[in-house]
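*Asks:* If you scroll down you'll find the structure; I have some questions about it.
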Amino acid sequence: MFVFCVNKSSSLGKLFFPISILFFSFNTFSQNNSDSLIHHLLAATSNISRLEFIFQLAEIGGNEISVSNRKSIEKRLLKWYRNEPDAGLHSAIDYLFRNSKKGDVPGKLNWNLAQELEKIDKQLLKKRNKNGKWFVTSQLQTMSIVNGPVTYAMGSPSNEKYRTDDEVQHQVTIPRSFAISTKEVTVSQFQKFLEGNPLIKQVARKDSSKFPSTENKKLLIFSPESDCPQIYVTWYEAAQYCNWLSKIDGIPESEWCYPDNEMIKSGMEISKDYLKRKGYRLPTEAEWEYASRAGTITSRFYGERDELLSEYAWYSKNPPKKKSDPTDPNDPQHTYPVGQLKPNGYGLFDIYGNVWEWCDSRRQPYMSTTTIDEPTTNILITDSVAMVRRGGSFSYEKDVMRSAHRGALNYFPNQRRDNVGFRIAKTL
């Protein structure tokens, strides 16, 4: 049984409640009538219907689709991937076509279209579709657009399962439009940054045995493939990456969100107007939660049920309770390539699990009143002040795989961990 929750909306910039939770059984489309599924997909005019059928199509084996039907599906979906404005649909097609496996398990059908998708991405480089809700960076990262301003209930209601006391629900206004990457920054993408900045790489290598380079065997244990999320990265290095991406994307230095890279260290200040600038940065905590919810008010963007979580997140069902406990061999022992599990309605993959993600916010108690996600003074970043990281990781349990969960109080910007990475954002 597969469950997908979708939201009917005319704009990503407003908060929408889920209108339905759609339950599908693969038995609905057996080998004898897979043609019916394909007919319905090709005839669909709404994104809700298209998403329904694309995710069902991912459950069909190669011998259940005729060659002619497969070709017609490929042609139509590649056209949608290139031209359709909805980021959720764009990512759904990415999920279907790009990956030949899910974790260690081969897919039921390898469409073998990853190179074709990359070809399209390169053609769309830094261009937006007319009225589109996504665009592509110079590193071929898809950025999902959230039109602002938006106001929503951040945190969790008192009756939410697994809730913690620091999730006080309150109204937050994000007074801007922003974009957020649909995938976590990968090992391959981050290594290009390091190779382009040898001094940063040299400093990182001297800093710790957990330096974030593929020359580090520890990194390859926990992120073994180039498309796995980058780990062992400090908050400072994530910020330096954002500056580098702004540079290669041709964004003027006056629009960069962080100081010069050599100034990105303990004691640095971020200008209070940085959220008005157009450079790449880390998402604020409020942006991260809003984007993770994708218009929903349930604890997870697909609903509540724990048994469905593995469709969307790499996480541990039986994590060790203490360091001396052995790991469950059935649980993930490392990260997996980004984008192998189903995305949310805004097209975001791995928003729960795989790796924790650094945010651009200091770890502070919530206000109980309505707040605006915009600083009033310069922000001081030091090694002694914890930063927010969100989303859980492959080594954590289901309890933290929720949109409202805030993580621990002791994640400091100079720390390196085998289960912490990041995704990027920018103001529009």
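The values are calculated or read from the model by the stated rules, or taken from the named source; none is laboratory data. What you see is a predicted model, and the numbers here were worked out from it, not measured in a lab. Heads up, the Cβs are rebuilt from the backbone with ideal geometry, glycines too, and the neighbour counts pull from every protein chain shown. Just so you know, the surface numbers come from the protein's heavy atoms only, side chains and all, with ligands and any DNA or RNA stripped out. Shrake-Rupley method; radii C 1.70, N 1.55, O 1.52, S 1.80 Å.
*Asks:* Going by the structure shown, is ASP350 charged (D, E, K, R) and free of Cβ contacts under 8 Å to residues at least 40 places away in the same chain? Spell out how you get there, then give the answer.
*Replies:* Numbers: charged (D, E, K, R): yes; free of Cβ contacts under 8 Å to residues at least 40 places away in the same chain: no.
The answer is no for ASP350.
*Asks:* A further question on this structure: Between a first residue in the range 311-333 that is within 18 Å of ILE221 (Cα to Cα) and a second residue that is open to solvent by 100 Å² or more (accessible area, probe 1.4 Å) and part of a loop (DSSP other than H, G, I, E, B), which pairs have beta carbons less than 8 Å apart while being 6 or more apart in sequence or on different chains?
*Replies:* ASP328/LYS317; ASN330/LYS317; ASP331/LYS317
*Asks:* Given the condition crowded, with 24+ Cβ neighbours inside 10 Å and of a type outside the set (Asp, Glu), answer yes or no: does some residue in the range 260-278 qualify? Lay out the reasoning, then the answer.
*Replies:* Residues of the range 260-278 that are crowded, with 24+ Cβ neighbours inside 10 Å, as a first pass: none.
Within the range 260-278, not a single residue is crowded, with 24+ Cβ neighbours inside 10 Å and of a type outside the set (Asp, Glu).
*Asks:* So for the range 84-91 (the condition being open to solvent by 10 Å² or more (accessible area, probe 1.4 Å) and either within 26 Å of PHE394 (Cα to Cα) or more than 22 Å from the chain's Cα centre (by Cα) (or both)), does at least one residue qualify? Talk me through it step by step, then tell me what you get.
*Replies:* Kept after step one, since they are open to solvent by 10 Å² or more (accessible area, probe 1.4 Å), are these residues of the range 84-91: 84-86.
Imposing the further condition that a residue be either within 26 Å of PHE394 (Cα to Cα) or more than 22 Å from the chain's Cα centre (by Cα) (or both) reduces the set to none.
Scanning the range 84-91, I find no residue that is open to solvent by 10 Å² or more (accessible area, probe 1.4 Å) and either within 26 Å of PHE394 (Cα to Cα) or more than 22 Å from the chain's Cα centre (by Cα) (or both), so the answer is no.
*Asks:* Considering the range 295-335 alone, what residues qualify as being out of contact with any Cys (no Cβ under 9 Å at 6 or more places or on another chain) and among the hydrophobic types (A, V, I, L, M, F, W, C)?
*Replies:* Pass one, the range 295-335, residues out of contact with any Cys (no Cβ under 9 Å at 6 or more places or on another chain): 295, 297, 299, 304-333.
ILE297, LEU308, LEU309, ALA313, TRP314, listed by residue number.
For every residue, the table says whether it meets (1) assigned to a loop (DSSP other than H, G, I, E, B); (2) farther than 21 Å from TYR312 by Cβ.
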| position | (1), (2) |
| --- | --- |
| THR369 | yes, yes |
| ARG389 | no, no |
| PHE394 | yes, no |
| ARG406 | yes, no |
| PHE412 | yes, yes |
| GLN415 | yes, yes |
| LYS426 | no, yes |
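*Asks:* Restricting the search to the range 195-209, which residues are crowded, with 18+ Cβ neighbours inside 10 Å and part of a loop (DSSP other than H, G, I, E, B)?
*Replies:* Kept after step one, since they are crowded, with 18+ Cβ neighbours inside 10 Å, are these residues of the range 195-209: 197, 200-201, 204.
Within the range 195-209, ASN197 is the sole residue that qualifies.
*Asks:* Against the condition within 25 Å of LYS217 (Cβ to Cβ) and not β-branched (Val, Ile, Thr), how does PHE422 come out, does it pass?
*Replies:* Details: within 25 Å of LYS217 (Cβ to Cβ): yes; not β-branched (Val, Ile, Thr): yes.
Spelling it out, PHE422 is indeed within 25 Å of LYS217 (Cβ to Cβ) and not β-branched (Val, Ile, Thr).
*Asks:* So, ILE372, is that one open to solvent by less than 20 Å² (accessible area, probe 1.4 Å), under 14 Å from TYR290 (Cβ atoms) and in contact with a strand residue (DSSP E or B) (Cβ under 9 Å, 6 or more places away or on another chain) or not?
*Replies:* Working: open to solvent by less than 20 Å² (accessible area, probe 1.4 Å): no; under 14 Å from TYR290 (Cβ atoms): yes; in contact with a strand residue (DSSP E or B) (Cβ under 9 Å, 6 or more places away or on another chain): yes.
Against the criterion (open to solvent by less than 20 Å² (accessible area, probe 1.4 Å), under 14 Å from TYR290 (Cβ atoms) and in contact with a strand residue (DSSP E or B) (Cβ under 9 Å, 6 or more places away or on another chain)), ILE372 does not qualify.
*Asks:* Would you check which residues across the range 393-418 are open to solvent by 10 Å² or more (accessible area, probe 1.4 Å), closer than 23 Å to SER156 by Cα and touching a Leu at 6+ places or on another chain (Cβ under 9 Å) and list them?
*Replies:* LYS398
*Asks:* From the list PRO319, PRO326, which one is at pLDDT below 95, touching a Phe, Trp or Tyr at 6+ places or on another chain (Cβ under 8 Å) and more than 30 Å from LYS265 (Cα to Cα)?
*Replies:* Details: PRO326 fails: touching a Phe, Trp or Tyr at 6+ places or on another chain (Cβ under 8 Å).
It is PRO319.
Condition check ((1) among the hydrophobic types (A, V, I, L, M, F, W, C); (2) farther than 16 Å from MET143 by Cα) across all residues:
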site: ILE221; (1), (2): yes, yes
site: PRO224; (1), (2): no, yes
site: ALA239; (1), (2): yes, yes
site: CYS257; (1), (2): yes, yes
site: LYS272; (1), (2): no, yes
site: TYR280; (1), (2): no, no
site: TRP288; (1), (2): yes, no
site: ALA291; (1), (2): yes, no
site: ARG300; (1), (2): no, yes
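*Asks:* Mind listing whichever residues of the range 385-408 are on the phi < 0 side of the Ramachandran plot, free of Cβ contacts under 8 Å to residues at least 60 places away in the same chain and over 14 Å from the mean Cα position of the chain (by Cα)? I'd like the intermediate steps shown before the answer.
*Replies:* Narrowing the range 385-408 to residues on the phi < 0 side of the Ramachandran plot: 385-390, 393-406, 408.
Add one more test, that the residue is free of Cβ contacts under 8 Å to residues at least 60 places away in the same chain, and what stays is 385-386, 389, 408.
Those that are on the phi < 0 side of the Ramachandran plot, free of Cβ contacts under 8 Å to residues at least 60 places away in the same chain and over 14 Å from the mean Cα position of the chain (by Cα): VAL385, ALA386, ALA408.
*Asks:* Please work out if SER138 is surrounded by 17 or more Cβ atoms within 10 Å (Cβ to Cβ), among the hydroxyl-bearing types (Ser, Thr, Tyr), within 20 Å of the chain's Cα centre (by Cα) and closer than 23 Å to THR186 by Cβ.
*Replies:* Numbers: surrounded by 17 or more Cβ atoms within 10 Å (Cβ to Cβ): no; among the hydroxyl-bearing types (Ser, Thr, Tyr): yes; within 20 Å of the chain's Cα centre (by Cα): yes; closer than 23 Å to THR186 by Cβ: yes.
No.
For every residue, the table says whether it meets (1) modelled with pLDDT of 95 or more; (2) open to solvent by 70 Å² or more (accessible area, probe 1.4 Å); (3) farther than 20 Å from LYS247 by Cα; (4) not in a helix (DSSP H, G or I).
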{"position": "SER188", "(1), (2), (3), (4)": "yes, no, no, no"}
{"position": "PHE193", "(1), (2), (3), (4)": "yes, no, no, no"}
{"position": "PRO212", "(1), (2), (3), (4)": "yes, no, yes, yes"}
{"position": "GLU215", "(1), (2), (3), (4)": "no, yes, yes, yes"}
{"position": "LYS218", "(1), (2), (3), (4)": "no, yes, yes, no"}
{"position": "ASP227", "(1), (2), (3), (4)": "yes, yes, yes, yes"}
{"position": "ILE231", "(1), (2), (3), (4)": "yes, no, yes, yes"}
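The rows are residues; the columns are (1) outside any loop (DSSP other than H, G, I, E, B); (2) open to solvent by less than 50 Å² (accessible area, probe 1.4 Å).
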| position | (1), (2) |
| --- | --- |
| GLU287 | yes, yes |
| GLY295 | no, yes |
| ALA313 | no, yes |
| THR327 | no, no |
| THR335 | no, yes |
| GLN340 | no, yes |
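*Asks:* With (1) β-branched (Val, Ile, Thr); (2) under 28 Å from GLY250 (Cβ atoms); (3) in a loop (DSSP other than H, G, I, E, B) as the list, and ILE120 as the residue in question, which single condition is left unmet?
*Replies:* Failing condition for ILE120: (3).
*Asks:* Can you go through TRP256, TRP235 and tell me which one is open to solvent by less than 10 Å² (accessible area, probe 1.4 Å) and within 24 Å of ASP373 (Cβ to Cβ)? Break it down into steps so the answer makes sense when it comes.
*Replies:* Working: TRP256 fails: open to solvent by less than 10 Å² (accessible area, probe 1.4 Å).
That would be TRP235, the only listed residue that is open to solvent by less than 10 Å² (accessible area, probe 1.4 Å) and within 24 Å of ASP373 (Cβ to Cβ).
*Asks:* Now for a different question. For the range 219-263, which positions are in contact with a Cys (Cβ under 9 Å, 6 or more places away or on another chain) and either under 17 Å from GLN202 (Cβ atoms) or of a type in the set (Ser, Thr, Tyr) (or both)?
*Replies:* Once the filter is applied, which keeps residues that are in contact with a Cys (Cβ under 9 Å, 6 or more places away or on another chain) and either under 17 Å from GLN202 (Cβ atoms) or of a type in the set (Ser, Thr, Tyr) (or both), the range 219-263 yields SER246, TYR258.
*Asks:* Let me ask something else. Which of the residues that make up the range 97-123 are of a type outside the set (D, E, K, R), modelled with pLDDT under 95 and open to solvent by 20 Å² or more (accessible area, probe 1.4 Å)?
*Replies:* Selection gives ASN99, SER100, VAL105, PRO106, GLY107, LEU109, ASN110, ASN112, GLN123.
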